[in-house]
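J.: One structure coming up, written as structure tokens, with questions to follow.
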Amino acid sequence: MNSNDAKVARVLVVDDDAAVRELVAAMLESGGYPVAVASNGREALAMLASDGFEVIITDLVMPEQEGIETIKLIRRDYPTVKVIAMSGAFGGDYLRIAGYLGAHGTIAKPLRIQTVLDTVAGVLKPAASA
């Protein structure tokens, strides 16, 4: 993160696999982001309602409440929150669907630290004026 960043974005990582949650959290923390984790979309929405986050990184294939439904609800109820979808399922088809439904960015698994950090930084950049 640049030292001139006025505020460091808080990131919520949502994945049903604890190892993936912790890996992504560690990647983001190494980039200077404060991170929280949730194990499914339902838990993530409850945390978003009580704590607020600037960025949500969500897996797409999860029990309880999967990522596509979670993205739709976040985009409807929290339009300023940036959403990044991550998945390794179905050859990337789910990531394309997530983009159509309002995800600001996508990350394909297996994850690479630079890709994760670049994607978060990219969705946080102010839109260039046209």
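J.: Anyone know which of THR70, THR80, THR106 comes out most mobile in the 10 Å Cα GNM of the chain?
T.: Among THR70, THR80, THR106, the largest mean-square fluctuation in the Gaussian network model of the chain belongs to THR80.
J.: What is region 43-106 by shape, rounded, prolate or oblate, if you read a ≥ b ≥ c off the alpha carbon gyration tensor as root eigenvalues and call it rounded for a/c under 1.5, prolate for a/b larger than b/c, and oblate otherwise?
T.: Details: a/c = 2.11, a/b = 1.53, b/c = 1.39.
Prolate, because a/c is 1.5 or more and a/b exceeds b/c.
J.: Follow-up question, since we're still on this one. Calculated from the structure, Rg/Rh (Cα atoms, Kirkwood Rh) equals which of (1) 1.09; (2) 0.93; (3) 0.99?
T.: Answer by label: (2).
J.: A further question follows. Rounded to the nearest 500, what is the chain's calculated 222 nm mean residue ellipticity when only DSSP H runs of at least 4 contribute -39500 (n - 2.57) each, over all residues?
T.: Values: 5 runs with 55 residues, N = 130.
Helices in the chain give a 222 nm mean residue ellipticity of -13000 deg cm²/dmol.
J.: Turning to a different aspect of this structure: Report the FRET efficiency, 1/(1 + (r/R0)^6), for THR80 and GLN114, where r is their Cβ-Cβ distance and R0 is 41 Å, rounded to 0.05.
T.: Details: r = 26 Å, r/R0 = 0.64.
Here the calculated transfer efficiency is 0.95.
J.: What length, rounded to one decimal in nm, is gained on full extension from ALA36 through to VAL61, with 0.36 nm per residue of separation minus their alpha-carbon distance?
T.: Values: separation 25, 0.36 × 25 = 9.00 nm, distance 1.93 nm.
Answer, rounded to one decimal: 7.1 nm.
J.: Which whole-number percentage describes the relative contact order of the chain, with Cα contacts under 8 Å and a sequence gap of 6 or more? Don't skip to the answer; put the middle values down first.
T.: Details: 213 pairs, mean separation 26.5, N = 130.
With pairs under 8 Å counted, the relative contact order is 20 percent.
J.: Who wins for biggest fluctuation among SER87, SER50, SER39 in a Gaussian network model of the chain, springs between alpha carbons below 10 Å?
T.: SER50
J.: What translational D, rounded to a whole number of µm²/s, comes out for region 74-115 from Stokes-Einstein when the hydrodynamic radius is the Kirkwood one over Cα pairs, at 4 °C and 1.567 mPa s? Please list the in-between numbers first.
T.: Numbers: Rh = 10.8 Å.
Answer from the Stokes-Einstein relation: 119 µm²/s.
J.: Could you pull out the GluC sites (Glu not before Pro) across region 6-103 that fall in loop regions by DSSP (anything but H, G, I, E, B) with no more than 16 other Cβ atoms inside 10 Å? Numbers along the way, then the final one.
T.: Values: sites: GLU22, GLU29, GLU43, GLU54, GLU64, GLU66, GLU69; in loops: GLU54, GLU64, GLU66.
Qualifying residues, ordered by number: GLU64.
J.: According to a simple spin-label model (label point 7 Å from Cα along Cα-to-Cβ), what is the distance in nm between ALA18 and ALA121?
T.: Output for this residue pair reads 3.3 nm.
Read-outs throughout are calculated quantities, based only on the coordinates presented, and are distinct from any laboratory measurement. All figures in this text were calculated on a predicted structure; none of them were measured in a lab. Cβ sites come from the backbone with ideal geometry, for glycine too, and all protein chains shown count toward neighbours.
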